[in-house]
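Below is one structure, written out as structure tokens; the observations come after it.
The values are calculated or read from the model by the stated rules, or taken from the named source; none is laboratory data. All values derive from a computational prediction rather than experimental measurement. Note: ideal-geometry Cβ built from the backbone for every residue, glycine included; neighbour counts use all protein chains shown. Accessible surface areas use protein heavy atoms only, side chains included; no ligands, DNA or RNA. Shrake-Rupley method; radii C 1.70, N 1.55, O 1.52, S 1.80 Å.
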Amino acid sequence: MKRKSLLTILCIYLSLSLTGCGLLPSELETPFQKADVRAPAFSIPVEPVVNSSYASQYAVIAAETDNSSAAGARLCIDNTMNTVISSENAFKQIYPASITKIMTALLVLEHGNLSDMTTVTEPIVLNDPMAVSFGLQVGDTMTVEALMYAMMNGSANDCAVALGRYIAGNDAAFVELMNQRAAELGATHTHFTNPHGLHSPEHYTTAYDLYLIFQELITHEEFQTIASTPRYSLQYTNGNGSSFTRSIANSNMFISQTYAVPEGLTILGGKTGTTNEAGCCLIVQARDNNGHDYIAVVCGASTSGGRYVQMQELLKGITGQ
């Protein structure tokens, strides 16, 4: 009888465990947690789960060799050989600022059509008076391609919102799509709350995750064309039907040749980002004279010029200068 009672108790315990009732509270939390409760950087897996065409083609960094006391994060990858050239705080949780827009661009290229015409149907509110903005108004109409140039090269935050609504219908649905795609790419220590990168405590990533996302983006030739263009003239009409033309300069100062690229390399494109919390950030794709492609990331520089100087040093490591 006693033995039968023990067996009954055991069955009840197993039943509760299998239905999830036996899980600890921490195991029930969502995969995207607030910044102040996330695990420290060194707990990030060495080999993240990647569900994409790059499943067996990504560089792996040993987390225990990547710790640094320096501020910010830096990473340089040989994207042809999938080897790490330089890594510093690559797994450190950071704010991506406008580098966020590489995910927005990826989703547009995967789900949209650059020749489509889009019209702003609802006001776009950025809640930051200092935010870079194209100044989109209800009734403004332009191509998806024009919005992409304004977002990627001009870093216009309102254009990022307009593109998100074009793809997903509303802001919340697009953010959900961003996080879903990040997870598919193995960027499992990233959480987006908006399509542009204006600061939010729960909007974060790592340099390594940015590499994974950017690696996918640069497979799209349309992005290559947009990101390598120094200046672009876009046309749009307002709600009254009046036509306008505006010139958009590329914010990447390697593309504008304001900063020199180390000898033997060409910068094919990239994305800048700046907020008070993130510092000055930059991600680029470079190519050497042998046709090898590289992805380099600098985050947390204290000045705009500083990010280019740091990037120059990273890129010099490729050629041994």
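Within the range 163-178, residues that are over 16 Å from T143 (Cα atoms) and open to solvent by less than 40 Å² (accessible area, probe 1.4 Å) reach partners that are of a type outside the set (A, V, I, L, M, F, W, C) and assigned to a helix (DSSP H, G or I) with beta carbons closer than 6 Å, at six or more positions or on different chains, in the pairs F174/G164. Checking the condition farther than 23 Å from A146 by Cβ and modelled with pLDDT of 95 or more, which residue from H189, H220 passes? Just one listed residue meets the conditions, H189.
From the list M151, M103, M142, which one is in a strand (DSSP E or B) and open to solvent by less than 10 Å² (accessible area, probe 1.4 Å)? Before you say what the answer is, go through the steps one by one.
Working: M151 fails: in a strand (DSSP E or B); M103 fails: in a strand (DSSP E or B).
Only one candidate qualifies: M142.
Every condition in (1) assigned to a loop (DSSP other than H, G, I, E, B); (2) in contact with a Leu (Cβ under 6 Å, 6 or more places away or on another chain); (3) farther than 30 Å from M81 by Cα; (4) among the aliphatic types (A, V, I, L, M) holds for A187 except the one numbered (3).
Among the residues of the range 215-229, those identified as of a type in the set (S, T, N, Q), assigned to a helix (DSSP H, G or I) and surrounded by fewer than 21 Cβ atoms within 10 Å (Cβ to Cβ) are Q224, T225. Filter the range 281-301 down to the residues that are without any contact (Cβ under 8 Å) to a residue 40 or more places away in the chain and farther than 12 Å from L75 by Cα, then identify the one that is surrounded by the fewest Cβ atoms within 10 Å (Cβ to Cβ). Within the range 281-301, the match that is surrounded by the fewest Cβ atoms within 10 Å (Cβ to Cβ) is N290.
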